[in-house]
Amino acid sequence: MALNKHKRRLRIKKGIRNKISGTAEKPRLSVFKSNKGIYAQLIDDTKGHTLLASSSKDIDGEGLNVDVSKNVGLKLAEKAKADGIEKIVFDRSGYLYHGRVKALAEGAREGGLKF
């Protein structure tokens, strides 16, 4: 059964979301990437609220590459530390843990967040 990329990612995302959930003490770090940017949010699933967000549009970087993604992770970790959040659950949203998604996660870890 052949699926296109988008449907395959959504199927994987659904499986991931069945296993993980974010709370106010340990929010979910959700990642979305497009051809023009990468976006990250800390979400409290019990209330359905976005606590913090960061994107490549907030970063003064040229283009979209691994370095920009890492800076997005660092910026999000900095905001989270200011709000007293140290532990998170990582949600890669069906993307492979590779390239820009991996760089964002490593940037968040370097910023002091614990997964």
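Of all accessible surface on the chain at a 1.4 Å probe, what whole percent is carbon and sulfur?
Carbon and sulfur: 49 percent of the exposed surface of the chain.
Just to verify a number: FRET efficiency for residue 83 and residue 14, C-beta to C-beta distance, R0 = 30 Å, to 0.05?
Details: r = 29 Å, r/R0 = 0.97.
Calculated transfer efficiency: 0.55.
Calculate the spin-label point distance for residue 114 paired with residue 5, positioning each point 7 Å from the Cα along the beta-carbon direction, and give it in nanometres.
Roughly 3.7 nm, to one decimal.
Which label belongs to the value computed from this structure, given these candidates for percent of Cα pairs over 21 Å apart: (1) 34; (2) 27; (3) 52?
Computing percent of Cα pairs over 21 Å apart and matching it to (1) 34; (2) 27; (3) 52 gives (1).
Which loop-located GluC sites (Glu not before Pro) does region 34-115 contain, where loop means any DSSP state but H, G, I, E or B and the Cβ has at most 10 other Cβ atoms within 10 Å? Kindly include the intermediate steps, with their values, before the conclusion.
Values: sites: 62, 78, 86, 106, 110; in loops: 62, 86.
Filter output for region 34-115: 62.
Can you give me the accessible area per residue for the chain, using a 1.4 Å probe, in Å²? Intermediate results must be reported in sequence, preceding the final value.
Numbers: 7070 Å² over 115 residues.
Heavy-atom SASA per residue in the chain reads 61 Å².
Exactly which chymotrypsin sites (Phe, Trp or Tyr not before Pro) in region 50-101 are in a DSSP loop and have at most 11 other Cβ atoms within 10 Å?
Values: sites: 90, 95, 97; in loops: 95, 97.
When the chymotrypsin sites (Phe, Trp or Tyr not before Pro) of region 50-101 are filtered for loop state and at most 11 Cβ neighbours within 10 Å, 97 remain.
The values are calculated or read from the model by the stated rules, or taken from the named source; none is laboratory data. The structure presented is a predicted model; accordingly, all values stated were derived computationally and were not measured. Virtual Cβ from ideal backbone geometry, glycine too; neighbours counted across all protein chains shown. Remember, those area values only see protein heavy atoms, side chains included, never the ligands or the DNA or RNA. Shrake-Rupley method; radii C 1.70, N 1.55, O 1.52, S 1.80 Å.
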